[in-house]
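This report refers to the structure that appears directly beneath it.
The values are calculated or read from the model by the stated rules, or taken from the named source; none is laboratory data. Model, not experiment: these values are computed from the prediction. Glycine also receives a Cβ, built like all others from the backbone with ideal geometry; neighbour counts cover every protein chain displayed. Note: areas computed on protein heavy atoms with side chains; ligands, DNA, RNA excluded. Shrake-Rupley method; radii C 1.70, N 1.55, O 1.52, S 1.80 Å.
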Amino acid sequence: MRDYDEVIAFLGEWGPFQRLIFFLLSASIIPNGFNGMSVVFLAGTPEHRCRVPDTVNLSSSWRNHSIPLETKDGRQVPQSCRRYRLATIANFSAMGLEPGRDVDLEQLEQENCLDGWEYDKDVFLSTIVTEWNLVCEDDWKTPLTTSLFFVGVLCGSFVSGQLSDRFGRKKVLFATMAVQTGFSFVQIFSTNWEMFTVLFAIVGMGQISNYVVAFILGTEILSKSVRIIFSTLGVCTFFAIGYMVLPLFAYFIRDWRMLLLALTLPGLFCVPLWWFIPESPRWLISQRRFAEAEQIIQKAAKMNSIVAPAGIFDPLELQELNSLKQQKVIILDLFKTRNIATITVMSVMLWMLTSVGYFALSLNVPNLHGDVYLNCFLSGLIEVPAYFTAWLLLRTLPRRYIIAGVLFWGGGVLLLIQVVPEDYNFVSIGLVMLGKFGVTSAFSMLYVFTAELYPTLVRNMAVGITSMASRVGSIIAPYFVYLGAYNRLLPYILMGSLTVLIGIITLFFPESFGVTLPENLEQMQKVRGFRCGKKSTVSMDREENPKILITAF
């Protein structure tokens with residue numbers, strides 16, 4: 001029985017057909033960069049203070065001193081959630097007393113913002129925070145909105161693969177694009193926070209499903225030599241492009257509803273792609289739809305100006321191939337032996353904590369000093385060299401050393417932020433971007449590292465479980481950002497410490513670079529400790545880089 005790649009070898013590696021598929025599928029990922037990080041601007045929290053109604057009879061002096069002060073980042077600023085009791089200061093104002101001279105402000109009774117809030121409009125004209133007052137007692141709703149988006153991402157991760165296996169890659173790809181675009185449009189008409197958040201979770205389901213299915217479709221259509229480039233410099237880089245374009249939209253459109261409309265419209269440009277992106281011939285073959293698969297390959301050959309063989313597939317041969325039954329495996333097989341259980345637990349920790357670092361740094365952009373729009377652009381821009389660096393490192397160097405190295409780099413520079421003087425804001429921003437570079441590079445290497453560690457029998461399951469752990473990390477990440485409201489440095493101290501910790505743990509993984517992919521549990525490399533046993537004969541066998549798929553999310 002011939003391998004599929006051998007059957008279609010006559011098409012070549014990088015003809016017009018492959019280039020078209022590469023760029024169209026990569027371009028379809030750009031809206032994911034919009035939706036994935038749009039919450040930074042849709043749910044931005046501007047500076048705010050209690051509203052003092054104009055109807056309250058206060059002198060200009062008392063009106064200026066109606067809000068208590070607090071120390072924040074070394075300076076005195078008005079409190080966001082408290083004001084002096086209006087009835088009391090109105091009496092003082094009527095009596096002609098002056099604040100600070102005749103009245104000790106520290107002794108005055110305070111009250112909550114009973115008349116709402118006044119929001120600073122220098123950065124945001126309107127967000128879901130200002131529209132539904134998600135501040136003070138309700139400030140927990142803002143990180144919950146982001147977390148529930150990633151809960152939707154987690155659910156989408158569950159169903160996208162199964163749906164594409166059942167109904168086909170192409171149909172599910174465009175159906176999930178429609179879900180992402182359609183529900184984003186419906187979000188514009190949200191009447192309350194609850195409606196917005198539920199719709200946002202559904203958008204998250206569509207977003208990750210679109211990403212995963214586009215990734216699967218591309219890796220199944222493209223040749224072996226192009227797949228790794230597609231998985232890193234293709235889909236990941238185009239995601240970063242969408243991420244970089246997001247602050248450009250947000251800068252010119254400061255109202256959250258109009259911004260969401262502008263971010264939704266590019267999804268409509270994906271509709272014409274239906275007539276250019278074919279179904280996966282591999283999937284059609286798995287469904288025994290040989291004639292349709294052969295028709296797609298014939299069109300590809302014509303586009304590449306190649307004369308295809310008269311009979312591309314031998315139906316009997318392929319039917320025999322598809323009739324082979326794979327041994328059933330369950331999740332407990334990832335804990336069957338002490339060695340594989342240890343690797344699984346460490347892999348789950350590696351994925352989850354790396355994901356926490358990546359998304360917390362991305363979502364924390366509004367808390368950085370300087371212009372939020374420029375900082376968001378830089379946060380997306382730094383991902384491009386990070387993906388390119390990961391691709392270069394994966395080609396030539398041992399996996400555990402390069403992953404640990406970029407994690408040490410990322411965590412180390414984040415820990416340095418606490419020693420930077422407050423006046424050197426540009427240095428802090430630079431360190432944050434360098435930290436994002438390290439964490440992003442590590443994140444983009446995890447698929448290839450995990451896939452190389454596990455034997456063929458449980459490889460897909462292992463990648464799926466660890467990928468799910470990264471979704472859990474993304475759900476937790478908004479609460480790391482939330483801690484910044486209490487202490488500006490606390491998120492960086494926690495992220496830096498956890499990133500360095502997981503970098504240390506990475507050094508105890510077995511090495512997979514240049515090692516034959518294991519086929520069973522006995523062939524798996526052993527976890528490294530203080531004593532290293534003698535390597536097995538299998539582990540000493542060297543080969544070219546195996547056929548592994550890489551993705552960043």
*Do we find that residue 149 is open to solvent by 50 Å² or more (accessible area, probe 1.4 Å) and among the aromatic types (Phe, Trp, Tyr) in this structure?*
no
*Pick from segment 434-452 the residues that are of a type in the set (A, V, I, L, M, F, W, C) and modelled with pLDDT of 80 or more: which of them is farthest from residue 146 (Cα to Cα)?*
449
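Table: residues versus (1) surrounded by 16 or more Cβ atoms within 10 Å (Cβ to Cβ); (2) among the β-branched types (Val, Ile, Thr); (3) under 30 Å from residue 258 (Cα atoms).
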residue	(1), (2), (3)
48	yes, no, yes
57	no, no, no
102	no, no, no
123	yes, yes, yes
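With respect to residue 160, determine if the residue is among the polar types (S, T, N, Q), within 30 Å of residue 296 (Cβ to Cβ) and in contact with a Ser or Thr (Cβ under 9 Å, 6 or more places away or on another chain). Can you show your working first?
On the way: among the polar types (S, T, N, Q): yes; within 30 Å of residue 296 (Cβ to Cβ): yes; in contact with a Ser or Thr (Cβ under 9 Å, 6 or more places away or on another chain): yes.
So residue 160 passes the test.
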*Per-region count, segment 340-351, residues hydrophobic (A, V, I, L, M, F, W, C) and either closer than 20 Å to residue 413 by Cα or open to solvent by less than 10 Å² (accessible area, probe 1.4 Å) (or both)*: 4
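Mind telling me which of the residues 63, 49 ends up being among the charged types (D, E, K, R) and in contact (Cβ under 8 Å) with a residue 12 or more places away in the chain? Working first, answer last.
Details: 63 fails: in contact (Cβ under 8 Å) with a residue 12 or more places away in the chain.
After applying the criteria, what remains is 49.
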*For segment 494-510, which residues satisfy the criterion of being open to solvent by 60 Å² or more (accessible area, probe 1.4 Å) and either within 19 Å of the chain's Cα centre (by Cα) or farther than 28 Å from residue 452 by Cβ (or both)?*
494
*asked:* Looking at (1) under 18 Å from residue 215 (Cβ atoms); (2) surrounded by fewer than 21 Cβ atoms within 10 Å (Cβ to Cβ), which one does residue 448 not meet, given that it meets all the others?
replied: (2)
*Hey, any hits in segment 403-419 for a residue that's of a type in the set (A, V, I, L, M), over 22 Å from residue 376 (Cα atoms), outside the structural domain of residue 136 (by the TED database) and surrounded by 21 or more Cβ atoms within 10 Å (Cβ to Cβ)?*
yes
*asked:* Residues that are under 19 Å from residue 34 (Cβ atoms), open to solvent by 40 Å² or more (accessible area, probe 1.4 Å) and free of Cβ contacts under 8 Å to residues at least 60 places away in the same chain: does segment 204-219 have at least one?
replied: yes
_Please determine whether any residue of segment 132-149 is touching a residue at least 24 places away in the same chain (Cβ under 8 Å) and more than 20 Å from residue 200 (Cα to Cα)._
yes
*Sort out which residues of segment 26-44 are under 20 Å from residue 212 (Cβ atoms) and not in a helix (DSSP H, G or I), and write them in order of number.*
28, 29, 38
*Scanning segment 104-121 for residues that are surrounded by fewer than 13 Cβ atoms within 10 Å (Cβ to Cβ) and polar (S, T, N, Q), which turns out farthest from the chain's Cα centre (by Cα)?*
107
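Among the residues of segment 390-402, which ones are assigned to a helix (DSSP H, G or I) and farther than 12 Å from residue 237 by Cβ? I'd like the intermediate steps shown before the answer.
Taking segment 390-402 first, the residues assigned to a helix (DSSP H, G or I) are 390-396, 399-402.
Scanning segment 390-402 gives 392, 393, 394, 395, 396, 399, 400, 401, 402.
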*Kindly indicate whether any position in segment 218-225 is out of contact with any Lys or Arg (no Cβ under 7 Å at 6 or more places or on another chain), more than 22 Å from residue 128 (Cα to Cα) and part of a loop (DSSP other than H, G, I, E, B).*
yes
*Check segment 158-172 and report whether any residue there is assigned by the TED database to the domain that holds residue 262 and either closer than 27 Å to residue 364 by Cβ or at pLDDT 90 or above (or both).*
no
_If the requirement is being open to solvent by less than 30 Å² (accessible area, probe 1.4 Å), over 20 Å from residue 232 (Cα atoms), touching a residue at least 40 places away in the same chain (Cβ under 8 Å) and among the hydroxyl-bearing types (Ser, Thr, Tyr), which of these qualifies: 428, 441?_
428
*asked:* Taking the condition of being part of a helix (DSSP H, G or I) and surrounded by 16 or more Cβ atoms within 10 Å (Cβ to Cβ), how many residues in segment 12-25 meet it?
replied: 6
*Restricting segment 265-298 to residues that are polar (S, T, N, Q) and open to solvent by 10 Å² or more (accessible area, probe 1.4 Å), the residue that is modelled with the lowest pLDDT*: 286
*Considering segment 72-100 alone, what residues qualify as being among the charged types (D, E, K, R), open to solvent by 70 Å² or more (accessible area, probe 1.4 Å) and part of a strand (DSSP E or B)?*
72, 75
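Please work out which residue is farthest from residue 123 (Cα to Cα), limiting yourself to segment 368-382 and to residues that are of a type in the set (A, V, I, L, M, F, W, C) and in a helix (DSSP H, G or I).
Step one: of segment 368-382, the residues of a type in the set (A, V, I, L, M, F, W, C) are 368, 372, 374, 376-378, 381-382.
Filter once more, so that each one left must be in a helix (DSSP H, G or I): 372, 374, 376-378, 381.
Details: 372: 8, 374: 12, 376: 13, 377: 15, 378: 17, 381: 21 Å.
Ranking the qualifying residues of segment 368-382, first place goes to 381.
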*Taking the options 265, 233, 260, name whichever one is without any contact (Cβ under 8 Å) to a residue 12 or more places away in the chain and in the same structural domain as residue 20 (by the TED database).*
265
*asked:* For segment 183-195, check the following and say yes or no: at least one residue is within 26 Å of residue 39 (Cα to Cα), at pLDDT 85 or above, open to solvent by less than 70 Å² (accessible area, probe 1.4 Å) and β-branched (Val, Ile, Thr).
replied: yes
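Going through 230, 249 one at a time, which residue ends up being within 24 Å of residue 382 (Cα to Cα), part of a helix (DSSP H, G or I) and modelled with pLDDT of 85 or more?
Values: 230 fails: modelled with pLDDT of 85 or more.
None of the others qualify; the one that does is 249.
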*Could you say which residue among 101, 82 is at pLDDT 85 or above and either hydrophobic (A, V, I, L, M, F, W, C) or not assigned by the TED database to the domain that holds residue 259 (or both)?*
82
